[in-house]
Amino acid sequence: MEFITLFANNLSSAAITFLGFVFALTVVVFVHEMGHFLVARWCGVTVTTFSIGFGREIFAFMDKHGTRWRVAWIPAGGYVKFLDDENAASVPDRSALETMSEEQRKGSFQLKPVWQRAAVVVAGPLANFILAIAIFAGFFYAMGDNRIEPRADYIVPGSPADTAGFKAGDRILAIGGKEIRDFAQINEIVWTSPGRKLAFLVDRSGEEVALTVEPVLKERNDYISGRHKRPTIGINFAIEPVVAGVVEGDPADLAGFQPGDRVLLMNGQDVNDFNKLQEIVGKSEGREIKVVLQRGAREIHLVVTPKMMFPGETAADPAPRPLIGIHSAMTPVHSRHVDVGMIEAVGLGTERTWTIITGTLSYIGDIFAGPGDSSQIGGVVRIADAAGKFAALGFTQLVLFTAFISVSIGLINLFPIPILDGGHLMFYAYEALMGRPANEQVQEFGFRVGLVLILMLMFFGLYNDLGILARWFS
């Protein structure tokens, strides 16, 4: 019976992963190719095929302009094919131009002015960015913006921030001259700055203090990305010390903790932050802790003895340590909800999209420079795994993940690698500057090199994703 339950759960998880992956990638690919398609039609280019997926067709139809719209079985991308394309990668078919009639040549992509060809190519990635901005803006407009005050309420002992002189309660005003308005901005800057010294300006009880701190790579684990290394400086915002849940059979449950309890004191120390609670438990070395709780209008006095336990596979630090078995709702102490108008929502959506772009570029640069962690480069398997996890959290989270993937695919397509959109733009830039197209042999060689580079990247991503595959089939 237990086996049947486990099998059913795994089958359900696999279905969620597959459907989440298909949804996210189909939306992103459709929007990307639609960008190419619409601008191509506007420029008078004849589009012969609009395909979502590769391989054998599931279904297809022809429109009045002669474009075949098709959906294929392999949901790993898509393409728009023009009249004079040799293949789905838009490699030009020079021989086809020689056999075209005068009427057909009017719809030839290769015979269009270089600015029109560039516009058609750049329209795909641009459509991806617009989609992301629209999704983020829609969520900001509908749900507002929850902003956590940029305060260093808790300093991890021995961390870079502790060494640099941060004090609990410091309010971060700026980093590197950039004004900081919420805690998320701090994380965005730190996560993209491994090994680089950051100049902080903080407000400490009304006095402005300048501090310099260098993030260090620290291994962490999370629900979406799994185990990886990420830059950190060791500051956290304060979290309400409220018990959201109690693990049955663990020390807190045996001691009498209940969901909704607010922890006031531990061994006589004030506990106004869940981070502080974790620190006290972590330093207990298994010795009993006297606890004062607020339960409704009453004060409850308990004694709990932490036990060495593994916190679980999805914990930020999966190593065994003293634990009592309670969960936090992760409610920030200092936060506020801001209603957002349409114009501001678009601005915030654009800012979020730009942050993903700059963060991705910074991450790639750090990999080549040395301090970056290349283990986070993944392929289709990692996208599918993340899509399934976001889908399991709800449709809203899946849509937000779709926005993130849309930005990533749009950006990757702009890389100056032949076969990708950026490679085509590179050749068009040469043509615009020199007044003539690049040599056909040079272009052909470039496309072959580009194909090799893409295949190498795919294999590298698959290598990094072997752990995910092992988990899927374990």
#### Entry: Rounded to whole Å, sorted largest first: equivalent-ellipsoid semi-axes of the stretch 394-446, Cα gyration tensor
35, 10, 5
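May I ask you to derive the FRET efficiency for E444 and R336 from their Cβ-Cβ distance with R0 = 51 Å, giving the value to the nearest 0.05? Walk me through the intermediate numbers first.
Details: r = 58 Å, r/R0 = 1.14.
For R0 = 51 Å, the calculated efficiency reads 0.30.
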### Summary
With +1 at each Lys and Arg Cβ and -1 at each Asp and Glu Cβ, the charge dipole magnitude of the stretch 344-474 around its Cα centre, to the nearest 20 debye, comes out at 260
### Task
Lys and Arg at +1, Asp and Glu at -1: add these up for the other residues within a Cβ distance under 9 Å of V209 and post the number.
-2
### Query
If you put +1 on each Lys and Arg Cβ and -1 on each Asp and Glu Cβ, how big is the dipole of the chain around its Cα centre, in Debye rounded to 20?
300
### Query
Label point 7 Å out from E207 along Cα-to-Cβ: which residues of the stretch 227-241 have amide N under 12 Å?
none
### Task
Note the angle between two axes, namely the Cα long axis of helix 2-42 and the longest principal axis of the Cα atoms of the chain, as a number of degrees from 0 to 90, rounded to the nearest 10.
40
### Message
No solvent, one uniform scatterer per C-alpha: report log10 I(q)/I(0) for the chain via the Debye equation at q = 0.07 1/Å, two decimals.
### Response
-0.49
### Task
Would you kindly calculate the mean projected area, averaged across all directions, of the convex hull enclosing the Cα atoms of the stretch 243-318, in square nanometres?
5.0
### Summary
Label model pair L462, F310: point-to-point distance (7 angstrom along the Cα→beta-carbon line) in nm is 3.0
### Message
Using a Cα-Cα cut-off of under 29 Å, which lysines could be cross-linked to K112, ignoring same-chain neighbours fewer than 8 residues away?
### Response
K64, K81
### Query
With r defined as the distance between the Cβ atoms of S374 and H327 and R0 fixed at 30 Å, what FRET efficiency is calculated, to the nearest 0.05?
0.35
### Query
Which angle from 0 to 90°, rounded to the nearest 10, does the C-alpha axis of helix 114-143 make with the longest principal axis of the chain?
30
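Where Lys and Arg each count +1 and Asp and Glu each count -1, what net charge lies around T232 among other residues with Cβ under 9 Å from its Cβ?
Values: positive: K218, R220, R230; negative: none.
Taking every Cβ under 9 Å from that of T232, the sum is +3.
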### Extension gain (nm, one decimal) between A429 and L393, 0.36 nm per residue minus Cα-Cα
8.6 nm
#### Entry: Debye intensity ratio I(q)/I(0), log10, the stretch 364-438, q values 0.12, 0.18, 0.21 Å⁻¹ (C-alpha model)
-0.53, -0.88, -0.99
### Task
Describe numerically, in nm with one decimal, the distance between label points set 7 Å from Cα along Cα→Cβ at N146 and at T358.
2.5
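Just how large is the dipole of the stretch 251-396 about the Cα centre, in debye to the nearest 20, putting +1 at every Lys and Arg Cβ and -1 at every Asp and Glu Cβ? Mind showing how you got there, number by number?
Numbers: 13 positive and 16 negative charges, 74 e Å.
About 360 debye.
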### Summary
Only helices counted: for the chain, with every DSSP H run of 4 or more residues adding -39500 (n - 2.57) and the sum spread over all residues, [θ] at 222 nm is -15000 deg cm²/dmol
#### Entry: Zero-based 10 Å bins, Cα pair distances in the stretch 151-236, whole percents
18, 54, 24, 4, 0
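When Lys and Arg each count +1 and Asp and Glu each count -1, what net charge do the other residues less than 15 Å away from K276, Cβ to Cβ, add up to? Display every interim value, and only then the final one.
Values: positive: R151, K167, R262, K283; negative: D153, D162, E240, D270, D273, E279.
Result for the local shell: -2.
Bear in mind these aren't lab numbers, they're just calculated from the coordinates by the rules spelled out. Please read all numbers here as calculations on a predicted model, not as lab measurements. Virtual Cβ from ideal backbone geometry, glycine too; neighbours counted across all protein chains shown.
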